[in-house]
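**Student:** Okay, here's the structure, questions in a sec.
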Amino acid sequence: IPVEDFDLVIFGGTGDLARRKILPGLFRRYLSGQMPVESRIIGAARSDIDSDGYRTMIKEAILEFGGEESQDSNGLDAFLAQIEYVPIDAKGEGGWVELAELVRNDVVQAFYFSVAPSLFGDLAERLHRHKIASATSRIVVEKPFGRDLESARKLNDVLALHFDEGQIYRIDHYLGKETVQNLMAVRFGNVLFEPLWNNHYVDHIQITVAETVGVGGRGSYYDKSGAMRDMVQNHLMQLLCLIAMEPPSQFGADEVRDEKLKVIRALEPIMPHHIVRGQYENSANGPSYREDAENPRSHTESFVAMKCHISNWRWSGVPFYLRTGKRLKARTSEIAVVFKPLGHSIFEGQEEQQNILAIHLQPNEGIDLQVTIKEPGPGGMRLVNVPLDMTFAEALGDSDVEVTDAYERLIMDVIRGNQTLFMRGDEVEAAWGWTDPIIEGWEARNDVPKTYSAGSSGPDDALMLLHRDGRKWREIK
Ligand code: BG6
């Protein structure tokens, strides 16, 4: 179903994110018929090129990053015809009159701020002064949304001078991932799970976002950030919120975000011995973090593992183990809900098995439920744990599973005016409010991360975090 007619202005339209994600994503939406043919995408950036030059740049980007669909050359040419470009000076006056002439005011207007946060205020102010934006325009901003509570508050305040909260779409691309939304469908669309979703039946929950890539190429940003700011404060905390929140009264933007906020507010401060920082060393697999970041003395973490507690009626006593890292053994993201062992087993001499609901975010999107059954055959009553597997591509048939990248889904939600999968300002601030003391503690102690070899599962201390509790991490594979 096509969305409403729109003009989307991408500030930072020549940047990496625009070329790798935003435009290839929009192209796929165009091919699927979701983008109305009158709609326009307007790149705006410092480069002094014209619309033809910009179209050539975007064509190359789509051919490089657009996957199979970019082979559709007629489709690509037709899509490019909907693209314009205006050279703009975010801090000066150049280009704003031209932009004002271009942007229509009788269609949905969206302004994507794919630029350094220090420019948000300048852009917002000029959009208003030149009467380009109106009370119904939407703006889209990206992480990093601040680097601590104070800077996040400042950004929220700057945006609030010109836009209402209902106009601001803060992207966390993890919320656009197919399985992340499926998590809500599984929890709240089935009678089976919700009665068990509490400290009576859940032993613990593990959230893993493991990456094989290092920080090569992004070292100057990453070295000032580290895994805590880059991944935990946003992506992992959002996953934690969705898995732990109370059922919202309906699937509406504020209903869902109110519940997520309550989870963040109920997080207990973390104890220093419940958190492990790591940094990858060089190995046969490649250079070390310090080489990648070009900072031989860096104490920035490329890995974090932590044990968290949510202090509320539902989750009291249930540990949530979170871990994320670069240059790990495999690229895999999953949430595992590990249920308690049986109170009493009638099967003597059999190893006790636990039910596990594993939600795989990537690479193979799907959900599986580990259940105990009798091993088939004449060997007597021998129990085994097997997965009830719901790999979406298999269950639904490949052709029905449309591969929609998180960005394309989220941009379409902006045009539709649906904020459910975007972070509200208070959520972002609450998340920083929780991570700030952890980071400040490291800084005050001049904490040195534990090393781990590239291609491993992280530092040994991270394994100990669970061993001490008589548990173990699921394998990264
Ligand atoms: C980004 C981080 O937000 O998410 C990156 O800045 C990280 O460091 C990326 O690699 C991971 O996203 P995905 O979708 O590849 O899991």
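**Student:** Scan segment 40-62 residue by residue and report those that are within 20 Å of GLU408 (Cα to Cα) and loosely packed, with under 14 Cβ neighbours inside 10 Å.
**Tutor:** The one that is within 20 Å of GLU408 (Cα to Cα) and loosely packed, with under 14 Cβ neighbours inside 10 Å: GLU60.
**Student:** With SER151, SER114, SER134 as the choices, which residue is crowded, with 19+ Cβ neighbours inside 10 Å, among the small types (Gly, Ala, Ser) and not assigned by TED's automatic domain parsing to the domain that holds SER220?
**Tutor:** SER114
**Student:** Among the residues of segment 137-155, is there at least one that is part of a loop (DSSP other than H, G, I, E, B), free of Cβ contacts under 8 Å to residues at least 40 places away in the same chain and touching a Phe, Trp or Tyr at 6+ places or on another chain (Cβ under 9 Å)?
**Tutor:** Yes, that holds for at least one residue.
Residue by residue, here is whether (1) in contact with a strand residue (DSSP E or B) (Cβ under 9 Å, 6 or more places away or on another chain); (2) in contact (Cβ under 8 Å) with a residue 12 or more places away in the chain holds:
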position: GLN181; (1), (2): no, yes
position: GLU211; (1), (2): yes, yes
position: MET228; (1), (2): yes, yes
position: GLN250; (1), (2): no, no
position: GLU255; (1), (2): no, no
position: LYS260; (1), (2): yes, yes
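**Student:** Additional query: Given the criterion away from the ligand (no atom under 13 Å from the Cβ), crowded, with 20+ Cβ neighbours inside 10 Å, assigned by TED's automatic domain parsing to the domain that holds THR372 and of a type in the set (A, V, I, L, M), identify the matching residue among LEU322, LEU328, LEU342.
**Tutor:** Within the list LEU322, LEU328, LEU342, the selection yields LEU322.
Yes or no, residue by residue, for (1) within 16 Å of the ligand (Cβ to nearest atom); (2) open to solvent by 80 Å² or more (accessible area, probe 1.4 Å); (3) modelled with pLDDT under 90:
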site	(1), (2), (3)
GLN354	no, no, no
ILE359	yes, no, no
VAL371	no, no, no
ALA393	no, no, yes
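**Student:** In segment 189-210, which residue that is in a strand (DSSP E or B) and away from the ligand (no atom under 16 Å from the Cβ) is most open to solvent (accessible area, probe 1.4 Å)?
**Tutor:** Filtering first and then ranking leaves ASP203.
**Student:** Here are some residues: VAL232, VAL213, VAL263, VAL186. Which one is within 13 Å of the ligand (Cβ to nearest atom), β-branched (Val, Ile, Thr) and assigned to a helix (DSSP H, G or I)? Break it down stepwise before answering.
**Tutor:** On the way: VAL213 fails: assigned to a helix (DSSP H, G or I); VAL263 fails: within 13 Å of the ligand (Cβ to nearest atom); VAL186 fails: within 13 Å of the ligand (Cβ to nearest atom).
The unique qualifying residue is VAL232.
**Student:** Kindly list the number of the only condition in (1) part of a strand (DSSP E or B); (2) of a type outside the set (A, V, I, L, M); (3) open to solvent by 20 Å² or more (accessible area, probe 1.4 Å) that fails for GLU440.
**Tutor:** For GLU440, the failing item is (1).
The values are calculated or read from the model by the stated rules, or taken from the named source; none is laboratory data. What you see is a predicted model, and the numbers here were worked out from it, not measured in a lab. Reconstructed Cβ throughout: ideal geometry from the backbone, glycine too, with neighbour counts over all protein chains shown. Surface areas here come from the heavy atoms of the whole protein model, side chains and all, with no ligands, DNA or RNA. Shrake-Rupley method; radii C 1.70, N 1.55, O 1.52, S 1.80 Å.
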